[in-house]
Amino acid sequence: MNVLGKKTVEDINVSGKTCLVRCDFNVPVKDGVITDDKRIKGALKTIKYLIDNHAKVILCSHMGRPKGEFNMKYSLVPVRKRIEELLGQPVIMAKDVVGEDAKSKASTLKSGEVMLLENLRFHKEEENNDPEFAKQLASMAEIYVNDAFGTAHRAHASTAGVAEYLPAVCGYLIQKEIEIMGTALENPRRPFVAILGGAKVSDKIGVIENLIDKVDTLIIGGGMAYTFLKAKGYEIGNSLCEDDKLDLAKSLMIKAEEKGINFLLPVDTVVGDEFKDDCNFKTVDSNKIEKGWMGLDIGEKSQAKYDAAIKNAGTVIWNGPMGVFEMPEFAKGTKAVAKSVAESGAISIIGGGDSAAAVEQLGFADKMTHISTGGGASLEFLEGLELPGISALNNK
Ligand code: AMP
């Protein structure tokens with residue numbers, strides 16, 4: 001998949017055309033009020049471009065899991081209100097997705113006007129990528145714009161199916177994701193450092209296998225580190241471990257050595273006697289973890305070692321926390337790495353999910369080059385997998 005060669009909104013004449021824009025408005029709503037509007041703000045650049053270029057704009061998105069049925073709890077009405085406030089212009093709300101109301105409102109839409117369809121997942125056909133449903137969606141528009149990176153790894157009617165029936169381009173959000181991450185994978189500024197953490201090795205195998213051919217340094221932290229430490233023959237006590245992945249961990253370490261990659265595991269570990277914030281804890285060298293103790297964070301020596309590698313980096317990709325960062329006592333390793341990345345001067349790319357949340361919580365978001373808007377999608381991208389929502393777009 002040549003991700004860097006996909007057409008964008010700027011590669012197609014949108015003037016006077018009806019554009020169906022797939023956004024990610026899957027925002028948290030409490031008592032009818034949006035508690036975090038980051039995703040809506042993220043879509044504004046593309047929407048404004050379309051308005052300024054005289055397109056007729058139809059926005060669509062999913063929200064939550066309404067399981068294929070209409071359910072007011074998952075209505076996009078609160079999203080409509082927020083878009084209106086942010087755009088400073090009215091947004092026409094359709095009462096349905098591909099029903100009479102949506103179709104009649106779409107047919108009378110004027111250039112520069114914006115309308116919003118109801119939650120795509122009110123129809124089970126959306127997630128089933130039903131061709132008839134995709135056709136119905138397409139029938140309201142002349143151009144399809146995908147700007148929902150968070151769902152680009154799913155082949156749904158509004159992310160992939162609809163592109164069969166319309167010229168298909170990406171919006172600015174997806175363009176930024178694929179340009180920054182695609183360039184890092186294909187032509188990184190070196191040294192290229194990947195930092196992988198989180199609970200399980202099994203979730204990150206694909207990423208490690210893809211990155212091991214590309215990076216100069218691979219830093220491992222979090223719960224997944226202990227499977228590697230055990231594979232090296234260390235006692236790891238009650239630390240997280242996937243015993244069925246020990247052979248794989250060994251072979252990955254051998255591969256890293258053969259390729260001359262700097263493969264860094266925690267040299268010291270904060271161990272606790274229970275999986276609790278107020279447990280007894282101490283820092284020990286990673287080859288001195290005793291039975292009855294479990295690794296909950298990387299220690300200070302590891303932080304310093306990782307910092308030295310990150311400081312010199314040209315590009316850093318980070319996915320997954322270094323410890324149980326939800327417990328303040330064991331968030332120090334993740335904080336230290338966030339600080340190192342923020343201060344490194346490298347092109348810094350934060351995979352979505354926990355690491356993005358950690359970076360935001362710790363106040364380093366502004367210092368990063370790019371925080372991906374899709375957890376699952378960015379992982380699949382880093383694995384080198386084809387994302388259906390991106391491969392469906394037209395090539396330049
Ligand atoms: P993931 O979803 O795979 O990125 O993993 C994130 C989760 O891994 C977070 O909830 C962390 O609390 C957890 N985690 C990180 N380090 C450890 C550890 N040493 N032991 C147990 N869980 C961990």
Point to revise | Single match in GLY363, GLY353 (criterion: at pLDDT below 95, within 14 Å of the chain's Cα centre (by Cα) and surrounded by fewer than 20 Cβ atoms within 10 Å (Cβ to Cβ)) | key: GLY353
**Study point:** region 255-276, subset farther than 23 Å from ALA308 by Cα and hydrophobic (A, V, I, L, M, F, W, C), residue least open to solvent (accessible area, probe 1.4 Å)
**Key:** VAL271
Review point. Based on what the data block shows, is ILE317 touching a residue at least 12 places away in the same chain (Cβ under 8 Å) and either within 13 Å of the ligand (Cβ to nearest atom) or in a strand (DSSP E or B) (or both)?
Key: yes
Review point. Quick one: which of ILE205, ILE180 is touching a residue at least 40 places away in the same chain (Cβ under 8 Å), part of a helix (DSSP H, G or I), in contact with a Lys or Arg (Cβ under 8 Å, 6 or more places away or on another chain) and surrounded by fewer than 22 Cβ atoms within 10 Å (Cβ to Cβ)?
Key: ILE205
Review point. Can you spot a residue in region 209-227 that is closer than 21 Å to GLY352 by Cα, open to solvent by less than 10 Å² (accessible area, probe 1.4 Å), near the ligand (Cβ under 9 Å from one of its atoms) and among the aliphatic types (A, V, I, L, M)?
Key: yes
Review point. Which of the following residues is at pLDDT 95 or above, touching a Phe, Trp or Tyr at 6+ places or on another chain (Cβ under 8 Å), of a type in the set (D, E, K, R) and under 27 Å from GLY352 (Cβ atoms): ASP307, ASP297, ASP273?
Key: ASP297
Check your understanding: Looking at PHE325, PHE330, which one is under 13 Å from GLY222 (Cα atoms), within 8 Å of the ligand (Cβ to nearest atom), buried (at least 18 other Cβ atoms within 10 Å of the Cβ) and modelled with pLDDT under 95?
Key -> PHE325
Check your understanding: Can you tell which of GLY5, GLY42 is modelled with pLDDT under 95 and surrounded by 14 or more Cβ atoms within 10 Å (Cβ to Cβ)?
Key -> GLY42
Review point. Out of the residues in region 228-242 that are open to solvent by 20 Å² or more (accessible area, probe 1.4 Å) and within 11 Å of the ligand (Cβ to nearest atom), which is farthest from GLY272 (Cα to Cα)?
Key: CYS241
Revision key, fill the gap. Within region 269-296, of all residues that are of a type in the set (Asp, Glu) and within 14 Å of the ligand (Cβ to nearest atom), the one farthest from the chain's Cα centre (by Cα) is ASP273
Practice item. Name the residue, out of TYR234, TYR306, that is aromatic (Phe, Trp, Tyr) and part of a loop (DSSP other than H, G, I, E, B). Key: TYR234
Practice item. Report yes if some residue within region 73-86 is in contact with a Ser or Thr (Cβ under 8 Å, 6 or more places away or on another chain), of a type outside the set (Val, Ile, Thr) and open to solvent by less than 50 Å² (accessible area, probe 1.4 Å); otherwise report no. Key: yes
Check your understanding: Taking helices (runs of 4 or more DSSP H) that do not extend beyond region 82-169, which have at least 2 residues that are of a type outside the set (D, E, K, R)?
Key -> 100-107, 131-139
Study note, to complete from the structure: Across region 22-55, the tally of residues that are among the hydrophobic types (A, V, I, L, M, F, W, C) and part of a helix (DSSP H, G or I) stands at 6
Exercise for review: Please work out if ALA249 is within 16 Å of the ligand (Cβ to nearest atom), among the hydrophobic types (A, V, I, L, M, F, W, C), under 28 Å from the mean Cα position of the chain (by Cα) and within 26 Å of ALA184 (Cβ to Cβ).
Suggested key: yes
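The values are calculated or read from the model by the stated rules, or taken from the named source; none is laboratory data. Computed from a predicted structure; not experimentally measured. Glycine gets a Cβ as well: all are built from the backbone with ideal geometry, and neighbour counts include every protein chain shown. Calculation scope for accessible area: heavy atoms of the full protein, side chains included, ligands and nucleic acids excluded. Shrake-Rupley method; radii C 1.70, N 1.55, O 1.52, S 1.80 Å.
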